Each structure stands twice: as C-alpha cells, then as structure tokens.
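> Got a structure for you, questions after.
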Amino acid sequence: MAFYAGANSPNGPGMTYSIYSITAAQLSSQGCESFSYMLQSSEPYVRAPFSQFSEQMVDVYANNGGTNPAYTFLTGHGGYLQIWTHGYTGYRPRYDCFYLDPSLPPQLAPDGFTVKGMKWQGSVFDITIKGSQTTIVRRSGKTRQACVQIGTRNSKSGKFQLSVGQTLRVGTYRSDLNGTLVPGNKAQCPPKATTNTPIFPGQYGLAAVDGSNATYWRPSTKSASTLQVDLGKVQTIRGFHLNFNNNPPQNYTILAGTSDGPTGFKKVAQVDKVEISAPYDPETAHIVMIRMGNTSDVTLSQPVKARFLQLVVEGAQKVDNSGAGATVAEFAAV
C-alpha cells in the first residue's frame, strides 16, 4: 500500500482512498494514516447540495487527466461507509465466526462510534468502538450461541460464544500509541494540525504529521504556506526532520512558541535553499519499491520549549500544470 499510495495519481477515483483507509487500519503498526485516508476518501468527492459523491476529486475534464466522472458515484458512497463497517471494526467475512479486529485513530478517540445492526449467520450485533475498549453485543439471533472471533493483534484474541443479549468487551487497537515513524517525534498524530491556505484536493495538513511518508500535505499555491501543529503541551525540541516526498519546496522556515498568539512565535530554523536528496533516477524509476523521498534535517544549536510549531514552505522544485506548492510527507520534531 505504501508503494501504490505514492505511485497512484492524486486524482484517483472515489473508491481509492477508502480502501487505503481500511488497509491502513489493519496493517499500520504506528501513526494515524487511516484517518488521513478517510478524509481523502470523502471530503474532496462530495458535491452540494445533497452531499453526493463524484467519481473524481476534480470534475473538469481538462484538469483531471481527461475523465468525465460518474455522478452520483455510488461506489464512492459504499467505499466510505465500509471504512466504518470494515475498517475500524476490522470485520472480515468468515463462515465459521463473526470476525472483528477493532481499531481506532486518535482523532476519533476517546468517544469513538457505534455500528448498529451488523448481521452474520442470522444474528444481529451492535459494535461500539471507543479509545481503549470495544463492546460487542449480540442483539438477536435464532441459534442459542454465535461465534465471535477477535483478531490476533488483540490482547483478547480468540473465539467466543455469545448468547442473545450477551456482551463481549475487548481492547481497541491503537497504532498511534505504538511509537513513531521518526524516533522521538513529538509531532506525530498531534491534537490539532491546521493550515492557513487552501490545499490541493485531498492533501490535508494532517497528512504531514500522521506517521506515514505515503501521505502528504500540499498547499494549492507556491506562495508561502503555513502548517501549524499543536503538540498538546509544552515540550523540549532539539531538532526537526522533514520528508518532502518527491517535490520539495524552494525554502522553508520553522517557528516555535509556547502560546498560540500573533506574537507568541519565534523563528528557530530557516533553510533558504532546500537540497534534492533523492533525485529522479531513470535507471531505477521502473523498479517497484517504496521511495524514501527527499529529506531535510535541522539540529538546533540550543533546545527550545514549545507547544506550537509552524512550518512555512514556499515554492516547489517540481514543475507541473497544477500550480500547487510543495509536498510535505512528514514534519517531525525531535
């Protein structure tokens, strides 16, 4: 998935990112990229006034690679809904048991959500997934007992027999609590990440801090654009690691502050000319492999205390017809 997410066109059809979200919910060992893909699978495709899905993020034939998108695109609707029924519940069709492997990204914790009326072999189940615990209730059924199987990554993995009205409680898998992609990163999956300029469709600011190099933030303009990250509390920062995927900015600046006011930020790093660390290589371009992307590292001369960070990027080193800015796959504070 990490390869295809980077190789596919960002203008992919409406089912693409829902499948990525479901896959990430199952396979990601850290971070919160499943939530980034969930946003990508829905918001860029929804059209007013009735919130119906288009097949493409961009509907204009001349701007989307020469496609007349289907509308209403029911496959997109179905894919988005399956994130909730198959992604975060971990439901997989099994003949012998009602199989679940529940997980939740931090953005939906602690309250989570409930899926009511999931059916298996004549039984009806309600599943409530919260930040630390998942509750499975067998609401009705014609047999005396029904088998419920919990996936192997869960501390209560195994098979259970539930009678009608009986409840099973298991842990909720949280990949965001399993360490960070960049060791010691204090900015991964933060409480809040916002941008001050419009984004290229689907390329959210959150994607720069979700612990995945396959997702990225991309502003819609090459002008100076800011990503602000709230770390949740004041922390000590000694340096930064940035992954710009395949399109670094011309320059970038990092500011830090303990308060979110107009005068609360201080410039702590500035790179006036970003170097290309992973240039295009025609000899290896055809090889199926996960690309590291272009990276840049900053070590501060003195540690700083900060709760809020701002990354300001300007320009883009890759020329295309979109007019959009650089890509930021990961912004890490260490």
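> If we scan segment 152-159, do we find a residue that is in the same structural domain as Asp111 (by TED's automatic domain parsing), assigned to a strand (DSSP E or B) and not small (Gly, Ala, Ser)? First the steps, then the outcome.
To start, the set of residues in segment 152-159 that are in the same structural domain as Asp111 (by TED's automatic domain parsing) comprises 152-159.
Within this subset, residues satisfying the condition of being assigned to a strand (DSSP E or B) are 158-159.
Still in the list and also not small (Gly, Ala, Ser): 159.
Within segment 152-159, one or more residues are in the same structural domain as Asp111 (by TED's automatic domain parsing), assigned to a strand (DSSP E or B) and not small (Gly, Ala, Ser).
> Next question. Which is modelled with pLDDT under 95 and either closer than 17 Å to Gly151 by Cα or not assigned by TED's automatic domain parsing to the domain that holds Thr114 (or both), of Ala24, Ala7?
On the way: Ala24 fails: modelled with pLDDT under 95.
After applying the criteria, what remains is Ala7.
> Still on this model: Return yes when Leu81 is within 13 Å of the chain's Cα centre (by Cα), surrounded by fewer than 20 Cβ atoms within 10 Å (Cβ to Cβ) and not hydroxyl-bearing (Ser, Thr, Tyr) and no when it is not.
Numbers: within 13 Å of the chain's Cα centre (by Cα): no; surrounded by fewer than 20 Cβ atoms within 10 Å (Cβ to Cβ): yes; not hydroxyl-bearing (Ser, Thr, Tyr): yes.
Considered against the rule, which asks whether it is within 13 Å of the chain's Cα centre (by Cα), surrounded by fewer than 20 Cβ atoms within 10 Å (Cβ to Cβ) and not hydroxyl-bearing (Ser, Thr, Tyr), Leu81 comes out as no.
> Which one is surrounded by the most Cβ atoms within 10 Å (Cβ to Cβ), of the residues in segment 139-163 that are polar (S, T, N, Q) and over 19 Å from Pro102 (Cα atoms)?
Residues of segment 139-163 polar (S, T, N, Q): 140, 143, 145, 149, 152, 154-155, 157, 161, 163.
Then keep just the ones that are over 19 Å from Pro102 (Cα atoms); that gives 140, 143, 145, 163.
Details: Ser140: 12, Thr143: 11, Gln145: 14, Ser163: 11.
Here the answer is Gln145.
> Does at least one position in segment 77-85 carry a residue that is at positive phi and touching a residue at least 12 places away in the same chain (Cβ under 8 Å)? Walk me through how you get there before you give the answer.
Of the residues in segment 77-85, the ones at positive phi are none.
No: segment 77-85 contains no residue that is at positive phi and touching a residue at least 12 places away in the same chain (Cβ under 8 Å).
> I'd like to check which helices (runs of 4 or more DSSP H) are fully inside segment 1-51 and have at least 1 residues that are in contact with a Cys (Cβ under 6 Å, 6 or more places away or on another chain) and closer than 23 Å to Gly293 by Cβ.
Details: elements: 2-7, 16-27, 33-40.
Of the helices (runs of 4 or more DSSP H) lying wholly inside segment 1-51, none has at least 1 residues that are in contact with a Cys (Cβ under 6 Å, 6 or more places away or on another chain) and closer than 23 Å to Gly293 by Cβ.
> State whether the residues of segment 60-74 include one that is crowded, with 17+ Cβ neighbours inside 10 Å and either in contact with a Phe, Trp or Tyr (Cβ under 8 Å, 6 or more places away or on another chain) or of a type in the set (Asp, Glu) (or both).
Step one: of segment 60-74, the residues crowded, with 17+ Cβ neighbours inside 10 Å are 64, 69, 73.
Now restrict to residues that are either in contact with a Phe, Trp or Tyr (Cβ under 8 Å, 6 or more places away or on another chain) or of a type in the set (Asp, Glu) (or both): 73.
Yes, because at least one residue in segment 60-74 is crowded, with 17+ Cβ neighbours inside 10 Å and either in contact with a Phe, Trp or Tyr (Cβ under 8 Å, 6 or more places away or on another chain) or of a type in the set (Asp, Glu) (or both).
> So, in segment 86-116, exactly how many residues are charged (D, E, K, R) and in contact (Cβ under 8 Å) with a residue 24 or more places away in the chain?
We begin by selecting, within segment 86-116, every residue charged (D, E, K, R); these are 92, 94, 96, 101, 111, 116.
From what is left, the residues that are in contact (Cβ under 8 Å) with a residue 24 or more places away in the chain are 94, 96, 101.
Summing the residues that are charged (D, E, K, R) and in contact (Cβ under 8 Å) with a residue 24 or more places away in the chain in segment 86-116 gives 3.
The values are calculated or read from the model by the stated rules, or taken from the named source; none is laboratory data. The model shown is predicted, which means the values in this text are computed figures rather than measured ones. Cβ sites come from the backbone with ideal geometry, for glycine too, and all protein chains shown count toward neighbours.
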